[in-house]
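Here's the structure, in structure tokens; my notes come after.
The values are calculated or read from the model by the stated rules, or taken from the named source; none is laboratory data. If you're wondering where the values come from, they're calculated on a predicted model, not measured in any experiment. Virtual Cβ from ideal backbone geometry, glycine too; neighbours counted across all protein chains shown.
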């Protein structure tokens, strides 16, 4: 009888305890001030895709990549000083990943109500991110994507778990990463350097990239 009473009380203690390992979004925003030098104030990346969009990216993916940069299992010269010299802690990585994952970038121009000042309007416009349509057969790209990519990156291209969001990402950046995967310079999946992309033709990959740009729809 005593045991039956003790177990619910223990469970209640866990349920009503404070959050374990809660992230600090303010700290994450502060850390992002350093990331902004390349990835932009809102995590929108470089205008020509030289630096990827990280705003709205999957938390687990961001954490995984930052850990890989820090451990040097993913080599990237621009990232080296930010992960090594700053000595990002595990908590720092969780904080900045959570902050960036929560940043929303609209895909349509804002509707001004008339009481915004010039700076507010400028910031609203700067947050808009629309990826131009890439060349390729969108219908064919959709068929290949839904067959080969959806298990990890989801039907909408927004990713799952540790697998990244692809929709809304710069086409030039994605194409560059595909090149690294095909050369084996960056592992595509957990199985090693050979992944789904190695079995696709260049035209099929281009069609997938075209399809991803077609997935990006204006927000209502």
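Any residue that is within 28 Å of residue 36 (Cβ to Cβ) and out of contact with any helix residue (DSSP H, G or I) (no Cβ under 9 Å at 6 or more places or on another chain) - is there at least one of those in region 192-213? Taking every residue of region 192-213 in turn, none turns out to be within 28 Å of residue 36 (Cβ to Cβ) and out of contact with any helix residue (DSSP H, G or I) (no Cβ under 9 Å at 6 or more places or on another chain). Region 37-151 holds helices (runs of 4 or more DSSP H) entirely within its bounds, and those carrying 2 or more residues that are modelled with pLDDT of 90 or more, surrounded by 13 or more Cβ atoms within 10 Å (Cβ to Cβ) and assigned by TED's automatic domain parsing to the domain that holds residue 208 map to 138-148. Residues of region 165-177 include none that is surrounded by 16 or more Cβ atoms within 10 Å (Cβ to Cβ), over 25 Å from residue 63 (Cα atoms) and touching a residue at least 40 places away in the same chain (Cβ under 8 Å).
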